[in-house]
1. Treat the stretch 1-134 as a sphere of radius equal to its Kirkwood radius over Cα pairs and apply Stokes-Einstein at 20 °C in a medium of 1.002 mPa s; give the translational diffusion coefficient in µm²/s, rounded to a whole number.
2. Work out how much length residue 198 to residue 117 would gain on full extension: take 0.36 nm times their residue separation and subtract the Cα-Cα distance, in nm to one decimal.
């Protein structure tokens, strides 16, 4: 059945993409139903701060989609969809943005439409990025901020069940090792944990040991290899956000040498924290 699901971080351009696709399909004579967050009759920050309400809303969205599904009409689900629990046979459009870009767009919204920073960070952290190598995530179209929607390929996937040809927007690079994701998660978490633990007894400017990295983190200056001197206290939310952003990027650009992951993360933090 013709179902297209938009997914991505909060404020990543999903509604704009849904409207672009709707316009294209309308011009082709297709009937289109967009199911969106207008179903959220309550304030969205209150919903996503309450796991019970959040579960109820996901169920309501799913029910609304199922009521519209048929063999002819196209249903577009325009919501966060950070947990992939819709249905088999779904065509995904992943609106890929950097967390800081989405955060900026969130802050530019009217006050009543904004996510609080706490809720925004939590949703970014929990987002399950689709992977074209998984059959349940395929066909998948990954769209960057400045990309045009590949309308012809999307329509082929919707109406003719043709898989999109492999290219940068439809295929994630294969990971160089089956252990890559595990190591990526473990190494970055170890670095974050080391910083958080050290900050419990340190003050801004103290030297903090970073495990497994030969690179120097120079937020301010450094005294030795495998250390970082922080100019200020870094909170858990900020470190999680940076870790998630680094992981998302590294999944798309895997490194052959797993032993360099710690150094790569250190370099990333060097450039990101001021």
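1. Calculated translational D: 139 µm²/s.
2. 26.7 nm
FYI, it's all coordinate maths here, none of it is from the lab. Keep in mind the model is a prediction, meaning the values are calculated, not measured.
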